[in-house]
Amino acid sequence: MRCKSLIVTLAFAALAACSGKPDASTPATDAAPSGAPSETASETPAKVPASGPALSDATVQLPAVPGRPAVAYFTLNSDSNGKLVSVAAAHFARAEMHESKMEGGAMTMSPVDAVPIAPGKPITFAPGGYHVMLFDMDGSLKPGDTTDLTATLDNGAKVNAKAKVTAPGGDMKM
């Protein structure tokens, strides 16, 4: 019973780090992906770059409690099939892709090894869906800063973007 309470508490703490709304950032790309076709994650209308994959709307939301994980949100557009297999962020020792979803009337969160991508179907990492948990921050970031995000595709291509750093709760207006 005690273990179950601890798991529930940790789940709520992790989900609390996932609240907020992503902001715009500067997209940049390095290479184009390839891979087998598959289903996509959350889809939003967007223009797909003709020159390969691109990250946009990248933000890193700092944790409400120091020492807890931060969270990264962004949109990935691609003109090829493939998979997003990892995301890294400067100033953080470790990053994990997760997916939050409603199951049986409760919000659940679980790690994700890869997210399928398809041409013309943007993948959105946002509160309540896919997101990246960022662990062990070096302590140097503050709201208003920017940090580098690097997404790695299954073919080894890397896609870089500057992410705006936001306070806990993002830029939510109260």
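Out of curiosity, is D113 under 17 Å from E96 (Cβ atoms) and not in a strand (DSSP E or B)? It is true that D113 is under 17 Å from E96 (Cβ atoms) and not in a strand (DSSP E or B).
Checking T124, T152, T166 one by one, the residue that is within 13 Å of V71 (Cα to Cα) and touching a Ser or Thr at 6+ places or on another chain (Cβ under 9 Å) is T166 and no other. Just one of the listed residues (V87, V65) is of a type outside the set (D, E, K, R), at pLDDT 50 or above and surrounded by fewer than 17 Cβ atoms within 10 Å (Cβ to Cβ), and it is V65. Listed by position, the strands (runs of 3 or more DSSP E) inside the range 60-103 whose residues that are among the β-branched types (V, I, T) and out of contact with any Lys or Arg (no Cβ under 6 Å at 6 or more places or on another chain) number at least 1 are 70-77, 82-89.
The values are calculated or read from the model by the stated rules, or taken from the named source; none is laboratory data. None of these values were measured; they are calculated from a predicted model. Reconstructed Cβ throughout: ideal geometry from the backbone, glycine too, with neighbour counts over all protein chains shown.
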